[in-house]
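Quick notes on the structure that follows.
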Amino acid sequence: MSEAVLELKSVTKSYNQGRANQIDVLRGIDLTLNAGEMVALVAPSGAGKSTLLHIAGLLDVPDNGSVLVAGQDVSGKGDGMRTSLRRQDVGFVYQFHHLLPEFTALENIVLPQLANGVLQSGAEARAEELLTLVGLADRAGHRPAALSGGEQQRVAFCRALANSPRVLLADEPTGNLDPGTSDQVFAALMDLVAGTGLSALVATHNHELAARMDRRVKLEQGRLVKL
Ligand SMILES: Nc1ncnc2c1ncn2[C@@H]1O[C@H](COP(=O)(O)OP(=O)(O)OP(=O)(O)O)[C@@H](O)[C@H]1O
Ligand SMILES: [Mg+2]
């Protein structure tokens, strides 16, 4: 049996905009992500993909249900515990890169490692190794504004993987790119995931990209169905 790296059990989430205006976005999500697996999360806009990924990535808490990362139940744990688990075990990539504009590509990948207690020299070596893997070794000194959209997103992948997480969560990571670049960047992501044995949950509107992953789940009226 494969090892579960991420489990969501009966997760619910509603948003309240006044008592008469409650949106039940997640109505009982059960999801197991096994080691080495790449799963596509597809759903129309507004269905709750980001909500689900933020909860899975410990960036938000569910109303009910539990989230387990590497077998550890995070529900009810304090902020400190959640933050350290998030730093060590979870990588997150957004649709827009969210790189820090005043730092170089290399520094953007070094910083989360320093926050995790890695020494500068080791962190730089790791950043260079990751940049080489995505074909950007020669862009290490560029600030985000001096990188193309596809390059920015590849740096964001490197940043997400800097602390060797167990799971990568990506929220429409190529949604902001033209189709050709999107394909290239997505190929880089698949190589990284395959090369590291990492698990990934990737939200995408792109059915072609979804078809290349190990399996697909769809968010439909607050529940996950197999595709
Ligand atoms: N902080 C919030 N307060 C209130 N409602 C919210 C909040 N965040 C999201 N929502 C609502 O929850 C629903 C799901 O939002 P979510 O961002 O998870 O969708 P999504 O599937 O990621 O959409 P997209 O493809 O457009 O990114 C939407 O109807 C949205 O308006
Ligand atoms: Mg979203």
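The table that follows gives values for the structure above.
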read-out	value
Selection of GluC sites (Glu not before Pro), segment 1-87, meeting DSSP coil and at most 16 other Cβ within 10 Å	E3
Alpha-carbon gyration tensor eigenvalues x 5, square-rooted, for segment 1-159, Å	32, 19, 15
Fewest-first sequence of S50, S121, S164 by Cβ atoms within 10 Å of each Cβ	S121, S164, S50
Charge dipole (segment 1-142, unit charges on Cβ, about Cα centre) - positive-most of L59, H142, Q120	L59
Footprinting exposure proxy for M81, M190, M213 (fewest neighbouring C-beta atoms within 10 Å first)	M81, M190, M213
Simple Cβ-charge dipole of segment 121-194, Lys/Arg +1 and Asp/Glu -1, about Cα centre, in debye nearest 20	220
Reciprocal of mean inverse Cα separation for segment 79-227 (Kirkwood radius, Å)	15.8
Residue-averaged 222 nm ellipticity for the chain, from DSSP H runs of 4+ at -39500 (n - 2.57), nearest 500	-11000 deg cm²/dmol
Long-range Cα-Cα pairs in segment 139-227 (distance over 21 Å), rounded percent	34
Dipole magnitude of the chain, debye to nearest 20 (Cβ charges: Lys/Arg +1, Asp/Glu -1, about Cα centre)	580
Projected label distance in nm at R212 and R27, using a 7 Å step from Cα toward the beta-carbon	3.4
Relative contact order, percent, segment 37-113 [alpha-carbon distance under 8 Å, six or more residues apart]	18
Segment 71-227: relative contact order as a whole-number percent, Cα under 8 Å and 6+ apart	26
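All of the numbers you see were taken from the coordinates with simple rules; none came from a lab. None of these values were measured; they are calculated from a predicted model. Cβ sites come from the backbone with ideal geometry, for glycine too, and all protein chains shown count toward neighbours.
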